[in-house]
Amino acid sequence: MDKVNFKENLKKVKAFAFDVDGVLSPDVVTLHPNGELMRTVNIKDGYAIQHAVKRGYPIAIITGGNTESVRLRFEKLGVKDIYMSSAYKMKDFHDFLERNGLQTSDVLYMGDDIPDYHVMKECGFPCCPHDAAPEIREVACYVSPREGGRGCVRDVIEQVLKAQNNWMDNSEAFGW
């Protein structure tokens with residue numbers, strides 16, 4: 001992916017895939033007394049995800065975590081491809097591609113840490129939040145000015161949809 005032609009490359013994105021911890025939620029989590037991780041999420045990220053789904057973009061959630069609240073959150077936003085307990089994310093990334101008839105070059109992937117590295121090296125448009133690990137920032141074609149869990153997902157989805165004239169082009173944009 002050519003960093004120089006960033007805006008032109010946005011027009012080629014056909015699908016999105018996101019890590020959860022450090023991308024869709026801040027990298028600091030609260031531990032519930034039963035041992036479950038309690039995550040916070042950004043409402044604007046959620047709006048952008050559900051809007052992209054309505055506009056026909058396949059979206060995958062690929063996370064090493066396995067918390068039912070995460071699955072429920074993204075199912076309610078319309079995400080169909082949710083991969084939990086992803087020990088090696090490349091396997092799930094390839095399943096997402098196959099299930100949706102996509103090529104690696106079609107997908108914008110946003111990750112923040114070492115488990116995301118191989119997917120970011122292979123996807124068409126590797127992105128990361130501002131506070132991603134240095135190794136991830138190095139392979140990213142775009143580093144959002146926003147931190148993980150603080151609107152970085154909204155940032156990339158909005159940019160892609162605007163570049164493709166799919167952001168505020170119909171009444172679907174104005175509702176959940």
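Things worth noting here:
- Converting phi to 3J(HN,Hα) with the Karplus coefficients 6.51, -1.76 and 1.60 and the offset θ = phi - 60°, region 71-79 yields 4, 4, 4, 7, 4, 5, 8, x, 6 Hz in sequence order, with x at every glycine or proline.
- If you count Lys pairs in region 17-164 whose Cα atoms are under 20 Å apart, skipping same-chain pairs closer than 8 places in sequence, the total is 11.
- Percent of Cα pairs exceeding the 25 Å cut-off, where the set is the chain: 24 percent
- Lys/Arg +1, Asp/Glu -1 at C-beta; the chain dipole; positive extreme among 161, 6, 60: 161
- Distance between the 7 Å Cα→Cβ label points at residue 104 and residue 84: 2.9 nm.
- Stretching the chain fully between residue 7 and residue 121 yields a gain of 39.1 nm (0.36 nm per residue, less the alpha carbon separation).
- Among 120, 90, 110: highest mean-square fluctuation, GNM of the chain, C-alpha pairs under 10 Å: 90
- Karplus (6.51, -1.76, 1.60) ³J(HN,Hα), θ = phi - 60°, over region 126-135, in Hz, Gly and Pro reported as x: x, 10, 8, x, 4, 9, 5, 4, x, 5
- Listed values for region 147-164 are Karplus-derived 3J(HN,Hα) couplings in whole Hz (6.51 cos²θ - 1.76 cosθ + 1.60, θ = phi - 60°), namely 7, x, x, 10, x, 5, 5, 4, 3, 6, 5, 4, 4, 5, 5, 5, 4, 9, and x replaces Gly and Pro.
Where a number appears in this text, it was derived from the coordinates with a stated rule and is not lab data. Since this is a predicted model, take the numbers as computed values, not measurements. With ideal geometry, Cβ positions are generated from the backbone for all residues, glycine too; neighbour counts draw on all protein chains shown.
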